[in-house]
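Colleague: Got a structure for you, questions after.
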Amino acid sequence: MSKTPPPGPPIKRQPRQKRSQVLVQSLLEAARLILDREGQEALTTNHIAEVAGVSIGSLYHYFTDKDAIVEAIFLAEEEQSIRQRIGWAAEAIDLPLEEMFRLFIERIAEQHRRLLEMHKGLYLRHQEHTDVRRLADARAAPSADGRHAVEIFLQAWCERHVDEIRPRRIEQAAFLLDRVGYSMMRATVDERPEYLSDPAYVEEMVQLLVRYLRAD
């Protein structure tokens, strides 16, 4: 059962023209700037409009409130993260076992940590109602059997390094790694977000996954 109501649509109406798109982007950038430099308490719709150099009416034409603007920022960050992870997969496919997991876990932990610092309460709500794997699946080549993009990558990595790992049922191993890794990271964000900044904790996550796969 959800602990908080889901956020509403971040943008009331999609900007169609170039000028409108620039206006919406300026509002998002203004909100980012305020959060980075002044903190959550300084974030108001009037202040966002002032920093963006637009009227408050223009802001409310596209957004219902400041929370909707922050939600739009989180969604934009998720989109960027998905594009980055596609690049990481190309980088990681030939890496040794520990380096492959460390690359993903360190970078994903850093992304979560940065967004939590932006606005912890709203980011936790965003995470509760958003499955980033589904967003990634929508951007990747479709899988006829419903597998997630990360699961497909893990299977490809295991097949390429089959002589270095213990499990023989590669598809099953990829399923387990995807679900366990995703669940661990979600639980860390929800329950122990301070661990995201702890290199020792990140290393423990790496070793947990490595020891499942390692042949020796």
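Colleague: Given the criterion out of contact with any Pro (no Cβ under 9 Å at 6 or more places or on another chain) and at pLDDT 95 or above, identify the matching residue among ALA173, ALA138, ALA200, ALA144. Walk me through how you get there before you give the answer.
Modeller: Details: ALA173 fails: out of contact with any Pro (no Cβ under 9 Å at 6 or more places or on another chain); ALA138 fails: at pLDDT 95 or above; ALA144 fails: at pLDDT 95 or above.
Matching residue, one of ALA173, ALA138, ALA200, ALA144: ALA200.
Colleague: Checking VAL54 against (1) under 24 Å from the mean Cα position of the chain (by Cα); (2) surrounded by 13 or more Cβ atoms within 10 Å (Cβ to Cβ); (3) not in a helix (DSSP H, G or I): exactly one of these is not met. Which one?
Modeller: Against the list (1) under 24 Å from the mean Cα position of the chain (by Cα); (2) surrounded by 13 or more Cβ atoms within 10 Å (Cβ to Cβ); (3) not in a helix (DSSP H, G or I), VAL54 comes up short only on (1).
Colleague: Scan the range 57-78 and report the pairs whose first residue is without any contact (Cβ under 8 Å) to a residue 40 or more places away in the chain and whose second residue is hydroxyl-bearing (Ser, Thr, Tyr) and exposed (fewer than 15 other Cβ atoms within 10 Å of the Cβ), with Cβ atoms within less than 9 Å and a gap of 6+ or a chain change.
Modeller: LYS66/THR44
Colleague: Restricting to the range 103-121, what's the tally of residues that are farther than 17 Å from GLU78 by Cβ and either in contact with an Asp or Glu (Cβ under 8 Å, 6 or more places away or on another chain) or hydroxyl-bearing (Ser, Thr, Tyr) (or both)? Lay out the reasoning, then the answer.
Modeller: Initially, the range 103-121 is screened for residues farther than 17 Å from GLU78 by Cβ, giving 103, 105-106, 121.
Next cut, either in contact with an Asp or Glu (Cβ under 8 Å, 6 or more places away or on another chain) or hydroxyl-bearing (Ser, Thr, Tyr) (or both) only: 103.
Qualifying residue count, the range 103-121: 1.
Colleague: Now, a different point. Quick check, is ARG83 touching a helix residue (DSSP H, G or I) at 6+ places or on another chain (Cβ under 9 Å), of a type outside the set (Gly, Ala, Ser) and more than 21 Å from LYS120 (Cα to Cα)? Reasoning before the result, please.
Modeller: On the way: touching a helix residue (DSSP H, G or I) at 6+ places or on another chain (Cβ under 9 Å): yes; of a type outside the set (Gly, Ala, Ser): yes; more than 21 Å from LYS120 (Cα to Cα): yes.
Considered against the rule, which asks whether it is touching a helix residue (DSSP H, G or I) at 6+ places or on another chain (Cβ under 9 Å), of a type outside the set (Gly, Ala, Ser) and more than 21 Å from LYS120 (Cα to Cα), ARG83 comes out as yes.
Colleague: Tell me, which helices (runs of 4 or more DSSP H) wholly within the range 148-216 include 3 or more residues that are more than 21 Å from ARG85 (Cα to Cα)?
Modeller: Numbers: elements: 149-160, 170-191, 199-213.
The qualifying helices (runs of 4 or more DSSP H) are 170-191, 199-213.
The values are calculated or read from the model by the stated rules, or taken from the named source; none is laboratory data. Small disclaimer: the values here were computed from a predicted structure and weren't measured. Every residue, glycine as well, gets a Cβ built from its backbone with ideal geometry; the counts of neighbours run over all protein chains shown.
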